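Notes follow the structure.
Coordinate-derived values only; no laboratory data. Note that the structure is predicted; figures quoted are calculated from it, not measured. Don't worry about glycine lacking a Cβ; one is built from the backbone with ideal geometry, like all the others, and counts go over all protein chains shown.
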């Protein structure tokens, strides 16, 4: 597991840190080829969420920018506080190939076991009770996983926080 991933896991809600570490280790062991999992996003502050929400709306996003779409692509539909990332119960991943190249290719089978490496990880996350954004009906978010049972930002936003800013679950 790389340092980027370790640092992002360390900022997740304390209730899921150990489990995410196990999941990533299991994914890395299962992917016997060139691919390893990197957590690209974990806990996202409200300010970071607002910045992402503004892309393609009030701030130009160079991704998708055209003459017909001068603001570029929208990145998220979630405002600050409306993402499970804001509470530390969600992560986004990519696969790091040969310890250098990031990939979001969900079909590639780098370990040649006849199962796409991405889907091997999806199965492992599911085994631990994590929902994959690729299974969502309206909007597919392939890099995204969130812990089942913590998925309502409306409920999470009403909870008290501990001294470090994490919601307190009863």
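Using a Förster distance of 22 Å, how high is the FRET efficiency between residue 168 and residue 141, based on the Cβ-Cβ distance and rounded to 0.05?
According to the calculation, E is roughly 0.20.
Using Cα pairs closer than 8 Å and at least 6 residues apart in sequence, work out the relative contact order for region 1-81, in percent.
Relative CO of region 1-81 lands at 26 percent.
How high is the relative contact order of the chain, in percent, with contacts defined as C-alpha pairs under 8 Å that are six or more residues apart?
Relative contact order for the chain comes out at 21 percent.
Using only Cα atoms, locate the centre of region 91-170 and the centre of region 1-54, then give the distance between them in Å, rounded to an integer.
When both Cα centres are located, 9 Å separates them.
Rounded to the nearest 500, what is the 222 nm mean residue ellipticity of the chain from helices alone, with -39500 (n - 2.57) per DSSP H run of 4+ residues and division by all residues? All intermediate terms of the calculation are to be shown ahead of the outcome.
Details: 5 runs with 49 residues, N = 170.
Only helices count here, giving -8500 deg cm²/dmol.
Distance in nm between label sites at residue 112 and residue 63, each 7 Å beyond Cα in the beta-carbon direction?
3.3 nm
Can you put 29, 3 in order, fewest other beta carbons within 10 Å first?
Lowest to highest Cβ neighbour count: 3, 29.
How large is the Kirkwood hydrodynamic radius of region 36-116, in angstrom, based on all distinct alpha carbon pairs?
Answer for region 36-116: a Kirkwood hydrodynamic radius of 14.7 Å.
Rounded to whole Å and sorted largest first, what semi-axes of the equivalent ellipsoid does the C-alpha gyration tensor of the chain yield via the square root of 5 times each eigenvalue? Write out the running numbers ahead of the final one.
Details: eigenvalues 135, 106, 39 Å².
So the equivalent ellipsoid measures 26, 23, 14 Å along its semi-axes.
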